[in-house]
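Data block below; observations after.
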Amino acid sequence: MKSCAKCKLEKPTEEFRLVKKKDKHYRHSYCFICERENAKKYNSPNKWKNWFNSLSPEQQKETRLKKAKQAQKRKYGITHERLIELLEAQYGGCAACMEPLTLDPNQDVPMRNRAAVDHDHETGQIRGLLCGPCNRALGLVKDEQRILKGLLRYLEDYK
């Protein structure tokens, strides 16, 4: 007989998985049933979402900001402090339309006002910070000045 570390019930030894490691053999501390429940919870596709929703609103904001900083560093090789400097150099607005921007990744900030890092796709060099719509527009024209000039001419013709 063996006691399960999770459910605390006394069960026959055969109800515990046999673990074989090199020259050691032993029984798992959780019974088969508890081990299966634990695996379901651990391998759940909503594991991150469930964990995140269990946090307080303040912890959720902190987590979002931390993840955003990590993503900026990983994707663009730039620190959050450097992004703050860039935003200040642009007077707190989009480099194209001057719409006020924020580096806050939280959901209570409209997408239009969240700063998007604009970079040259060939060199990876950061050009500045744009609002979401300006960043998408630049992406749609594939950074082609020829297309942008053509669109400008088109708008002027039909003014």
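Where a number appears in this text, it was derived from the coordinates with a stated rule and is not lab data. Here the structure is a predicted model, which means the values were calculated and not measured. We place every Cβ from the backbone using ideal geometry, glycine too, and count neighbours over all the protein chains shown.
What's the total number of residues in the stretch 1-10 that are of a type in the set (Lys, Arg) and under 14 Å from Glu35 (Cα atoms)?
So the count comes out to 2.
Need a quick list: helices (runs of 4 or more DSSP H) entirely within the stretch 4-80 having at least 2 residues that are in contact with a Leu (Cβ under 9 Å, 6 or more places away or on another chain) and closer than 30 Å to Gln125 by Cβ.
So the answer is 57-76.
Given (1) assigned to a helix (DSSP H, G or I); (2) surrounded by 11 or more Cβ atoms within 10 Å (Cβ to Cβ), identify the lone condition not met by Glu88.
(2)
Please give the number of the condition Ser54 fails out of (1) under 18 Å from the mean Cα position of the chain (by Cα); (2) surrounded by 12 or more Cβ atoms within 10 Å (Cβ to Cβ).
It fails just one condition, (2).
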